[in-house]
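Everything on this sheet refers to the single structure shown next.
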Amino acid sequence: MVPFGRTAAIFDVDDSLLDGNAGTIFTWYLYREKVMRPEVRSRIPRVIYDYARHRLGELDMVELGSRCHQGLRADELKAHAHLCFERHLRKRITSGALRQLRRHLLSGHFVLLASGSPQYVIDELGAHLRAHAAIGTRTRIVDGRATDQIVPPVVFRDGKREAVERACERWDLDLSRSWLYSDSPADEPLFEAVGHPVVVNPRPAFRAEAERRGWPVVAWADRSRPGADAEGADEWGSWDG
């Protein structure tokens with residue numbers, strides 16, 4: 001018997017599986033807790049300002065989420081990712097995503113999380129949800145500390161498709177038999193590669209595109225733990241990935 005039947009269920013994280021953006025919230029957490037190195041922390045408000053005024057794009061923000069870890073010890077980042085997950089992310093998992101993910105696990109499918117958010121927080125989500133694998137954006141570690149050098153590919157747009165294709169090759173999974181759940185038009189390259197694309201919580205323009213292509217659209221809005229909030233994390237805004 002072929003493990004998993006060569007079928008994967010790929011879940012985007014930000015604004016779909018999660019009510020919010022994991023990378024944004026983790027960056028906010030590190031900023032608020034003054035974990036970042038001072039020279040890195042001082043640049044964050046300007047970057048957010050430039051993004052809000054469309055001087056920076058989504059790819060820039062995806063890269064920022066990992067590059068702002070520069071100089072921090074990898075074990076320290078892992079510990080903070082765990083604390084951030086427990087305090088702010090765990091309660092943001094959407095109930096619709098949780099139900100669908102469990103269905104795939106019970107069906108014997110290979111569950112894969114894929115997000116442009118930092119690997120540290122995606123690992124926390126993956127472990128909590130018992131996913132088989134989790135892919136996030138990573139930076140090189142030198143002498144136990146994070147650098148600002150991103151390990152290619154950046155898990156965004158074509159880079160996400162490349163990262164997922166590598167994972168499928170590693171575990172002998174067939175994308176043409178697999179599912180993708182995502183809210184983001186940036187994931188169109190991956191939507192086009194899977195056999196079962198499902199668009200989650202789309203904005204109006206992407207909803208229209210999904211309907212034109214005949215892709216199913218679902219809404220995952222309710223959190224698995226209603227009534228919780230991220231204590232101000234939304235003030236950072238959000239970016240897809």
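Structural remarks
- Counted as qualifying within the range 19-115 are the helices (runs of 4 or more DSSP H) with 3 or more residues that are acidic (Asp, Glu), namely 58-67.
- Identity of the residue in the range 171-219, assigned to a helix (DSSP H, G or I) and under 16 Å from residue 109 (Cβ atoms), that ends up nearest to the chain's Cα centre (by Cα): 175
- Within the range 68-102, restricting attention to residues that are of a type in the set (Lys, Arg) and surrounded by fewer than 20 Cβ atoms within 10 Å (Cβ to Cβ), the residue that is farthest from residue 185 (Cα to Cα) is 73.
- Filter pass, residue 57 being under 30 Å from residue 193 (Cα atoms), surrounded by fewer than 17 Cβ atoms within 10 Å (Cβ to Cβ) and without any contact (Cβ under 8 Å) to a residue 40 or more places away in the chain: yes
- Verdict on residue 42 being surrounded by fewer than 21 Cβ atoms within 10 Å (Cβ to Cβ), of a type in the set (Gly, Ala, Ser), touching a Ser or Thr at 6+ places or on another chain (Cβ under 9 Å) and more than 23 Å from residue 189 (Cβ to Cβ): no
- Residue in the range 106-160 that is surrounded by the most Cβ atoms within 10 Å (Cβ to Cβ), counting only those that are β-branched (Val, Ile, Thr) and free of Cβ contacts under 8 Å to residues at least 40 places away in the same chain: 135
- Restricting the first member to the range 195-210 and to residues that are free of Cβ contacts under 8 Å to residues at least 40 places away in the same chain, and the second to residues that are of a type in the set (Gly, Ala, Ser) and surrounded by fewer than 15 Cβ atoms within 10 Å (Cβ to Cβ), the beta-carbon pairs closer than 9 Å and six or more apart or on different chains are 195/176; 202/208.
- Between 177, 170, the distinction of being more than 22 Å from residue 61 (Cα to Cα), at pLDDT 95 or above, surrounded by fewer than 22 Cβ atoms within 10 Å (Cβ to Cβ) and in contact with a His (Cβ under 9 Å, 6 or more places away or on another chain) belongs to 177 only.
- From 62, 111, 47, residue being hydrophobic (A, V, I, L, M, F, W, C) and more than 25 Å from residue 166 (Cβ to Cβ): 47
- Residues of the range 116-133 satisfying the condition of being under 9 Å from the mean Cα position of the chain (by Cα) and part of a strand (DSSP E or B): 116, 117, 118
- Consider the range 206-221 and keep the residues that are surrounded by 13 or more Cβ atoms within 10 Å (Cβ to Cβ) and not aliphatic (A, V, I, L, M). The one that is modelled with the lowest pLDDT is 220.
The values are calculated or read from the model by the stated rules, or taken from the named source; none is laboratory data. Just so we're clear, the structure is a prediction, and the values are computed from it rather than from any experiment. No Cβ is skipped: glycine too gets one built from the backbone with ideal geometry, and neighbour counts run over all protein chains shown.
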